[in-house]
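Nothing in this text is a laboratory measurement; each read-out follows from the coordinates by a stated rule. Here the structure is a predicted model, which is why all the values come from computation and not from measurement. Don't worry about glycine lacking a Cβ; one is built from the backbone with ideal geometry, like all the others, and counts go over all protein chains shown.
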Amino acid sequence: MVGIGCDIEKTQRFKGVIKNREFLSNIFTDAELQYCLKQKSPEAYLACHFVCKEAVFKALSSMGERIPLKFIEILTKGRGKRSVRISTKGMPRAYRIFVETVITGDLAIACSVAEKNRK
């Protein structure tokens with residue numbers, strides 16, 4: 001079974017929420033916030049991580065899974081390479097999740113594919 005999810009957001013939308021720590025802490029992990037907020041354009045990185053989370057959420061939702069965004073962690077490996085870690089019991093082994101992102105102009109775009117592992 002395979003699920004697909006996509007999301008798109010304007011990066012400028014996240015300029016206004018950078019100071020809203022309650023909103024940020026409800027969506028992002030501490031590690032994600034640390035990474036995004038130290039970047040030259042933190043709003044672009046927050047938007048990118050947000051669309052990744054939404055794309056993963058949609059891919060998993062299409063297969064009947066409901067995971068809060070806070071439990072979907074986007075890990076950055078090198079320049080633009082992202083992977084996903086799910087911090088809910090049993091989920092990391094249940095699915096293989098892939099995510100790709102693009103930041104272009106003032107838009108952050110992400111697509112995700114989740115594949116249920118065979119037992």
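Assorted remarks:
- Diffusion coefficient (Stokes-Einstein, Kirkwood radius over C-alpha pairs, 10 °C, 1.306 mPa s) for the range 9-85: 125 µm²/s, rounded to a whole number.
- The charge dipole of the range 2-116, taken about its Cα centre with unit charges on the Cβ of Lys, Arg, Asp and Glu (plus for the first two, minus for the last two), comes to roughly 280 debye.
- Over the range 46-119, the Kirkwood radius and the radius of gyration, each from Cα atoms, give a ratio Rg/Rh of 0.96.
- A Förster radius of 25 Å, combined with the Cβ-Cβ distance separating ASP30 from MET1, puts the computed FRET efficiency at roughly 0.20.
- For the chain, the longest principal axis of the alpha carbon atoms and the long axis of helix 42-61 meet at an angle near 20°.
- Counted by Cβ distance under 15 Å from THR76, the other residues give a net charge of +4, where Lys and Arg count +1 and Asp and Glu count -1.
- Peptide packing for 16-29, 64-77, 38-51 was compared via the average number of neighbouring C-beta atoms within 10 Å per residue; ordered from the highest value, the list is 38-51, 64-77, 16-29.
- Note on LYS116 and SER83: their simple-model spin labels are 2.4 nm apart, each label 7 Å out from Cα toward Cβ.
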